[in-house]
Every structure is written in C-alpha cells, then in structure tokens.
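First comes the structure, then the notes that go with it.
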Amino acid sequence: MIRYLSHSEIDPAKWNRAVHNSVLPTVFAEFDMLDLLTGPDTWDALVMQHYEAVMPIPYRKKGMLKYVYTPFFLPQMGIFSAHELSAKEIDRFLEEVSRRYILADILLNEMMERQKIYNDYFVSYLLELKRPYNELYRQFHENTRRNIKAGEKKQCQVTVGEERVKEIIRLFRNNRGHSESVHYREEDYKILEQVSNALSKRNLLEIYGVRTPNGELAAGALFVKDGNRRWFWFSGRDNALSDCKPVFTLIDHYIRDHAGTDLSLDFNGSKNENVARLYRGFGGVIYSIPFVRRYKNLFWKMALRLTGK
C-alpha cells in the first residue's frame, strides 16, 4: 500500500531512516535538507507500507492548481527503497503522483534508469578514485591534460577551505549566470547559500578555489561529501581570468587530493554539451539520470502544452 502524506504527517526520523537504508542514500533527500531545498515552497511524500520506500513530492501552486517540480541543486530524487524496485512498483508511485497533480516533472535516480521508465534523461560522469593519481591522470583526455599543463604555467594557486560560498555564488552570477540557459531567481541563490551553510555545519562541504598570482579569484567550487560519493555540486568562474584554466586546475587538484581512496567523484549531470565535454575529459564513466513528466489526464496534457508547459 502506498500512502500520501502531507508534510506535517511525515515522521522525520522514520523518513531519514528509510533514506539512509536505501539502495542509493543521499544527504539531499534527508527531511531537513528537503525543507531547505524547497525554500518557500513545500513538499509532501508517498510512503510505501511503514516507510519501506519513500518518495518526496516537492510542489508549487499556480492559482488553485498544484504541480510537482524538481528543486534546483538537487542532484537526484525519485524513490528511496532498501531494495531495487521493479518497473511495476515505480509506476505505481508515478500513477499516484499523476492522480493528484495536474503536472509532475520528476528527476529520478540512477537505480530507476534500469527500468526504462522515463521521458528524458541527464548525463553524468562518475570517476572512481581508488587508483593512484598517476594512473587516474593517464586516463584523462589529451585536451584535459593540455589544459592542466597550461594552467600550471600560469602559476595560479589552489586554495582549500579558504573561499567563501558567497564569493563563489557571485562569480557564477556575474558570469555564467547571465546566460539565457540559466533560470535561477534571487530566491534560488539564497537557497543555495542556506543549503551550503547547513552542509558546512555538518562538515559535508569542501570548498576549493583558484587564485591568480595577483590574488584574484578565478574560480571556486563546492564539493559535497555524500557517503562515499563526492558531488561536484556547484562552481563559478570569472570569464576574464580564464588564462590559468581554473576549472581544469581545480578539478585536477581535487582528484589529486583524493586519489587512492574508496571515494568516487560525481560530476553532477548536465545537458550542456560543453560542460559535459569538460567532465568527460577526466575519464569518468558515463551514466544516466532519468527524468519523468506525467500529466493528470489528457485534458491537462493538451491544455498545458497549449500554454507552453
């Protein structure tokens, strides 16, 4: 049996236990973290039996109508279960969502990709860091190694734990944030800072930066510790200070620092081909993160398509 629970009906302790015991646990699906990620919006949930499987349902309202969305800065979502769910079980959850919302845009997780229940997908790369750095470096693409060497010649310096989250967000906003493909609102940047602060308090955030010989911040990145996975979660760079290849320098330094451990570096999915090419160059293994769009019924499917949804 799948129950629909409003936010106030969810037991936070049982919820977190279900997430932590799932096949793909993640700090981003914890109760308090979802509260932060949804910001002024809220989230309800679908719960199978006695929290044997759980699915967060972040939603927004447009007038009297409610629709499901995926919050920014949430790498994966979907259903969290202690066993791998069948296609039929996943579909039962999705049908329950469709029954209650006019539209649902749901980012799932890599476990669900195997069941082929999705409309679209994001691509990510996962790099196992178990081998020594020199072995990992040999797997980098030639263009990546060339950019790393070019950065070394500029004598830029990598900082660890010295940069402020606000400065990295500022770098992004003043550069890539002006792109038409970026849809972050002022509220989204505030959420990013709040989530970063919460992760930092739990010692789950690593901050790397790259500064020019003159001390200017050329790039910065936030890495999230999530079990044995490390997310390349958010980054910003100054387009005017690209000579030292700061993003290549930064990621290379992170890999160097963590090589020979049981950790894996997840580059976090992107549909931007240039970004994907950069990630691919570090030798990670490609995987898909499925995305599902569901409508309540045919009427809403046609009506929303006419309005451009």
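The values are calculated or read from the model by the stated rules, or taken from the named source; none is laboratory data. On a predicted model such as this, the values are computed, not experimentally measured, just so you know. No Cβ is skipped: glycine too gets one built from the backbone with ideal geometry, and neighbour counts run over all protein chains shown.
Here is a check on your reading of the model: is Tyr69 crowded, with 16+ Cβ neighbours inside 10 Å and either more than 22 Å from the chain's Cα centre (by Cα) or among the acidic types (Asp, Glu) (or both)? Talk me through it step by step, then tell me what you get.
On the way: crowded, with 16+ Cβ neighbours inside 10 Å: yes; either more than 22 Å from the chain's Cα centre (by Cα) or among the acidic types (Asp, Glu) (or both): no.
No, not satisfied.
For the stretch 118-146, how many residues meet the condition of being at pLDDT 95 or above and either assigned to a helix (DSSP H, G or I) or among the hydroxyl-bearing types (Ser, Thr, Tyr) (or both)?
Residues meeting the conditions: 11.
Going by what's in this entry, would Lys88 be described as of a type in the set (D, E, K, R) and more than 27 Å from Gly227 (Cβ to Cβ)?
Judged against the criteria, Lys88 is a match.
Return a yes/no flag: does the stretch 2-24 have any residue that is hydroxyl-bearing (Ser, Thr, Tyr), part of a strand (DSSP E or B) and at pLDDT 95 or above.
Within the stretch 2-24, one or more residues are hydroxyl-bearing (Ser, Thr, Tyr), part of a strand (DSSP E or B) and at pLDDT 95 or above.
Going by the structure shown, is Ile57 within 17 Å of Leu103 (Cβ to Cβ), in contact (Cβ under 8 Å) with a residue 24 or more places away in the chain and among the β-branched types (Val, Ile, Thr)?
Considered against the rule, which asks whether it is within 17 Å of Leu103 (Cβ to Cβ), in contact (Cβ under 8 Å) with a residue 24 or more places away in the chain and among the β-branched types (Val, Ile, Thr), Ile57 comes out as yes.
For the stretch 203-214, state whether one or more residues are touching a helix residue (DSSP H, G or I) at 6+ places or on another chain (Cβ under 8 Å), surrounded by 19 or more Cβ atoms within 10 Å (Cβ to Cβ), within 16 Å of Phe72 (Cα to Cα) and modelled with pLDDT of 95 or more.
no
Which ones in the stretch 205-248 are at positive phi and either among the polar types (S, T, N, Q) or in contact with a Lys or Arg (Cβ under 8 Å, 6 or more places away or on another chain) (or both)? Working first, answer last.
Here is the first cut: in the stretch 205-248, the residues at positive phi are 215, 227, 245.
Answer for the stretch 205-248, where residues must be at positive phi and either among the polar types (S, T, N, Q) or in contact with a Lys or Arg (Cβ under 8 Å, 6 or more places away or on another chain) (or both): just Lys245.
Residue by residue through the stretch 268-304, note down the ones that are modelled with pLDDT of 80 or more, over 18 Å from the mean Cα position of the chain (by Cα) and among the hydrophobic types (A, V, I, L, M, F, W, C).
Phe282
In the stretch 259-288, which residues are of a type in the set (S, T, N, Q) and in a loop (DSSP other than H, G, I, E, B)?
First, pick out the residues of the stretch 259-288 that are of a type in the set (S, T, N, Q): 261, 264, 268, 270, 272, 274, 288.
Result: Thr261, Asn268, Asn272.
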